[in-house]
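The values are calculated or read from the model by the stated rules, or taken from the named source; none is laboratory data. This structure is a prediction, so every number in the text was calculated from the model and none was measured. All Cβ positions, even for glycine, are placed from backbone atoms using ideal geometry, and neighbour counts span all protein chains on display. Each accessible area value is taken on the protein alone, full model and side chains, heavy atoms only, with ligands, DNA and RNA left out. Shrake-Rupley method; radii C 1.70, N 1.55, O 1.52, S 1.80 Å.
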Amino acid sequence: QVQLVESGGGLVQAGGSLRLSCQANKGINRINPMGWGRQTPGDQRELIAKVSEGTATSYAASVKGRFTVSRDDVWNTVDLQMSRLKPEDTGVYYCYAEEGGVPFWGRGTQVTVSS
């Protein structure tokens, strides 16, 4: 069972950037996909960025062109680089992993974007 720990959340002004990192407790080279989800106030959690083995990525329309997901199978990490942040990006961001078809989530890290 994979365990995920997020870091890097915080407060940032609109238009700014922030980088989130997720550390897995085991090798991730056979865990696909991995990525990030978020839950904004009043909404359900949604998966916003995924990366599969290699460099295959996909993004939700709301973040495409502004966020970049990447993985490091040596250090067992998955990062989310967020740029041109908007107040509506405020929420709790969760690391995601799918192992053998079973989804796993981290505990989340808060991101707040001020206007």
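Assorted remarks:
- Cut-off under 5 Å, modelled amide H: who pairs with E99 long-range: F104
- If a spin label sat at a point 7 angstrom from the Cα of E46 along the line to its beta carbon, the backbone N atoms of region 69-93 nearer than 20 Å would be those of 69-70, 80-93.
- Surface share of carbon and sulfur [accessible, 1.4 angstrom probe, percent] for the chain: 47
- Relative contact order of the chain, pairs being alpha-carbon contacts under 8 Å that are 6 or more residues apart, as %: 37
- Here's the picture: charge each Lys and Arg Cβ at +1 and each Asp and Glu Cβ at -1 in the chain, and of T55, W105, P33 the one pushed furthest to the positive end of that dipole is T55.
- The stretch between S17 and E99, if pulled fully straight at 0.36 nm per residue, gains 26.5 nm over its current Cα-Cα span.
- Of the chymotrypsin sites (Phe, Trp or Tyr not before Pro) found in region 12-91, those that fall in a DSSP loop while having at most 12 other beta-carbon atoms within 10 Å are W75.
- Mean accessible surface per residue for region 31-101, computed with a 1.4 Å probe while every protein chain stays in place, in Å²: 48
- Within the chain: Cβ-based charge dipole about Cα centre, in debye rounded to nearest 20 (Lys, Arg +1; Asp, Glu -1): 180
- With θ taken as phi - 60° and the Karplus curve 6.51 cos²θ - 1.76 cosθ + 1.60 applied, the whole-hertz 3J(HN,Hα) list for region 24-36 is 8, 8, 7, x, 10, 5, 10, 9, 9, x, 10, x, 9 Hz, x standing for glycine and proline.
- Antiparallel bridges, percent of DSSP beta bridges restricted to region 32-115 (to nearest 5): 100
- Reachable lysines, given that their alpha-carbon falls under 17 Å from the alpha-carbon of K86 and they are not under 8 places away in the same chain: K64
- Neighbour-limited loop hits for trypsin sites (Lys or Arg not before Pro), region 27-92 (at most 10 other Cβ within 10 Å; DSSP other than H, G, I, E, B): R30
- Mean-position separation - Cα centroids, region 52-105 and region 16-43, in angstrom: 5
- Potential lengthening between V5 and E53 on full extension [0.36 nm per residue; Cα-Cα distance subtracted]: 15.3 nm
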